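Okay, structure first, notes after.
The values are calculated or read from the model by the stated rules, or taken from the named source; none is laboratory data. Nothing here was measured: the structure is a model prediction, and the numbers come from that model. A quick note on method: Cβ atoms are made from the backbone with ideal geometry, for glycine too, and the neighbour counts reach across all protein chains shown. Accessible surface areas use protein heavy atoms only, side chains included; no ligands, DNA or RNA. Shrake-Rupley method; radii C 1.70, N 1.55, O 1.52, S 1.80 Å.
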Amino acid sequence: MSTLSGRRIVLGVAGGIAAYKSVEVCRRLVDAGAHVSVIMTEDAHRFVGPVTFSALSSERVHTSLWDDDSAIPHTRLGQSADLVIVAPATARVLSAYATGYSADLLVATLIATRAPVLVCPAMHTEMWEHPSVQDNLAVLRARGVRVLDPESGRLAGGDSGAGRLADPARIVAAAAEVLGASRDMEGLHVVVTAGGTREPIDAVRVIANRSSGKQGYAVAAVAAERGARVTLVSTVDLPVPPGVTVVCAETAAQMKSAVDTLAPSADVIVMTAAVADFRPVRTADGKLKKRDGAPEIVLEPTPDILAGLGAAKRPGQTLVGFAAETDDLESNALDKLRRKNLDMVVANDVSAPGVGFGHDTNAVTIYLSTGGQKSVSLASKRSVAVHLLDSVVQVRG
Ligand code: PMT
C-alpha cells in the first residue's frame with residue numbers, strides 16, 4: 001500500500017511559470033492513491049488550465065472564495081485536509097500567508113487549516129534572495145510550516161540560478177515524509193478501541209454516549225499505514241481502513257472480553273473508546289411500556305477495562321488511555337495515567353469547540369508516564385493520531 005494512499009491533500013497552485021510542473025505533482029499524488037483537491041489562484045490560470053487538474057484529480061478545481069456551492073469553502077477544504085501543499089509558492093502567496101492577508105481562496109485555506117503545510121517556493125533568483133521573501137519564510141518555518149527549498153538551474157526567460165521549483169518527485173517524497181508515512185510500526189500488533197458502548201435498558205433502549213468512533217478509526221488507519229498489524233474493537237459502523245481487522249462489540253462487557261482476548265498478543269493498546277461507566281443492573285425483557293410509567297433504572301459500575309489492562313501489563317507492552325474531560329484537564333488526566341498504570345494518556349477538553357465527541361477535529365495534550373508532554377492544537381483526528389503514534393514509537397525507543 002502506498003504511504004499516501006487515502007490521504008486528503010489540498011494542492012495549491014499559485015501564478016508562476018512552474019505551475020506547469022504542479023500538474024506532474026498532482027498526477028503523482030493521485031497515482032499514489034491520494035485524494036487531491038486543487039486550488040488555483042487567479043494568476044495560476046495564466047499558466048495552466050484548470051481542466052488539466054480536474055481531469056487528473058477527478059474533482060472540480062477550486063479557484064475563488066465565491067464560486068463554490070459551499071458558503072465556506074476555505075474552512076471546508078482546510079478542515080478535511082491531511083496535508084496542504086503549495087507548489088509553486090510565489091513571493092506574493094508567501095507574503096500573504098505570513099501576514100494573514102487572506103484575500104483569495106488559497107491563502108484563506110492556508111490560514112484556516114490545521115493540517116500540516118508544505119510550501120515549495122519558485123521564483124526568480126533575485127526575488128528568492130530578497131530579504132522580504134526570506135523573512136516571510138523564516139516566519140512560516142517558525143510556525144511549523146515545512147519549506148522545500150527551490151533548486152538551482154534554468155529559469156524562465158533563459159536565466160539560471162536558485163529559484164527553480166523542486167522536482168515533482170521530491171515534492172511528493174516530502175509530502176509522504178510530512179505525513180509521517182514511514183513504516184516505523186512494522187512487526188507490532190496494535191489493538192485500538194473505538195466508539196461509545198451501549199448498555200441495554202430493555203430490548204430497544206440503551207444508555208449511550210456521543211462518541212462517533214472517528215478518533216479511534218484514525219488511530220487504527222495511521223497505525224496500519226505505518227506497518228502495524230491492527231485489530232480495531234469497534235462499536236460503530238464506519239468504513240474499515242485498509243489492512244485493519246475489526247472485532248465488533250456493543251457493551252462494555254463485550255468490549256472488555258474482546259480486548260482481554262487480544263491483550264496477550266498486543267504490543268500497543270490504545271483505548272480510544274468511550275466506555276460507559278455505569279450500566280443498568282437489569283435489562284428488561286422485551287420493550288418497557290410507556291403506559292406502565294417511567295421506569296426506575298438502577299445502575300451499577302462497569303468494569304474498568306483500561307485499569308484491568310494496566311494491572312496485567314506485561315513488559316514491553318505500551319498502554320495508551322484517553323481522558324475526556326470538561327475541567328481540570330491536566331490533573332484529571334495525570335490521575336488516570338497513574339491510577340491505571342498507563343504509559344501515556346491523551347487528554348482532550350471535550351467542552352472546547354471542535355474538540356472530542358463527533359467532530360472531525362480534535363485538540364489534545366499527550367502526557368507521558370516518564371514526565372514529558374506534547375500538545376496538539378486543533379487539527380484533524382488523523383493528525384492527532386499521527387502525533388499519538390509518534391509518541392508511542394518514541395517511548396518504545
Ligand atoms: O469517537 P469520537 O467521536 O471521535 O470522539 C473521540 C473521543 C472523545 C471519544 C476520544 O477522544 C476520547 O476522549 N476517548 C475516551 C473517552 C472516555 O471514555 O474517557 P474517560 O476519561 O471516561 O475514560 C478514560 C479512559 O478509560 C479511556 O481510555 C476509556 O477508554 C477507558 N475506560 C473508561 C471506562 C471504563 N469502564 N473502561 C475503560 O477502559
Determine which single condition I171 fails, assuming it passes every other condition in (1) at pLDDT 95 or above; (2) among the β-branched types (V, I, T); (3) in the same structural domain as A324 (by TED's automatic domain parsing).
(3)
Could you check A218 against (1) closer than 27 Å to A347 by Cβ; (2) modelled with pLDDT of 95 or more; (3) not β-branched (V, I, T) and say which number it fails?
(2)
Which number in (1) within 14 Å of V233 (Cβ to Cβ); (2) away from the ligand (no atom under 12 Å from the Cβ); (3) open to solvent by 40 Å² or more (accessible area, probe 1.4 Å); (4) not in a strand (DSSP E or B) marks the one condition that A253 misses?
(2)
D104 - would you say it is within 26 Å of V376 (Cα to Cα), of a type in the set (D, E, K, R) and in contact (Cβ under 8 Å) with a residue 60 or more places away in the chain?
no
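Is it true that some residue in segment 196-209 is away from the ligand (no atom under 13 Å from the Cβ) and open to solvent by less than 30 Å² (accessible area, probe 1.4 Å)?
Residues of segment 196-209 away from the ligand (no atom under 13 Å from the Cβ): 198, 200-206.
Keeping just the survivors that are open to solvent by less than 30 Å² (accessible area, probe 1.4 Å) gives 201-202.
Looking through segment 196-209, at least one residue is away from the ligand (no atom under 13 Å from the Cβ) and open to solvent by less than 30 Å² (accessible area, probe 1.4 Å).
Filter segment 258-294 for residues that are within 16 Å of the ligand (Cβ to nearest atom) and small (G, A, S) and give the result.
In the first step, residues of segment 258-294 are kept if they are within 16 Å of the ligand (Cβ to nearest atom); the result is 258-263, 266, 268-281.
Those that are within 16 Å of the ligand (Cβ to nearest atom) and small (G, A, S): A258, A263, A266, A273, A274, A276.
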Among the residues of segment 161-189, write down those that are in a helix (DSSP H, G or I) and either surrounded by 20 or more Cβ atoms within 10 Å (Cβ to Cβ) or touching a residue at least 24 places away in the same chain (Cβ under 8 Å) (or both).
P168, A169, I171, V172, A174, A175, A176, V178
Being farther than 30 Å from C120 by Cα, at pLDDT below 95, open to solvent by 20 Å² or more (accessible area, probe 1.4 Å) and out of contact with any strand residue (DSSP E or B) (no Cβ under 8 Å at 6 or more places or on another chain) is true for just one of P239, P264. Which residue is that?
P239
Quick check on segment 211-230. Is at least one of its residues within 16 Å of the ligand (Cβ to nearest atom), of a type in the set (A, V, I, L, M, F, W, C) and open to solvent by 20 Å² or more (accessible area, probe 1.4 Å)?
no
Of all the strands (runs of 3 or more DSSP E) wholly in segment 300-397, which have at least 3 residues that are open to solvent by 30 Å² or more (accessible area, probe 1.4 Å) and away from the ligand (no atom under 12 Å from the Cβ)?
373-380
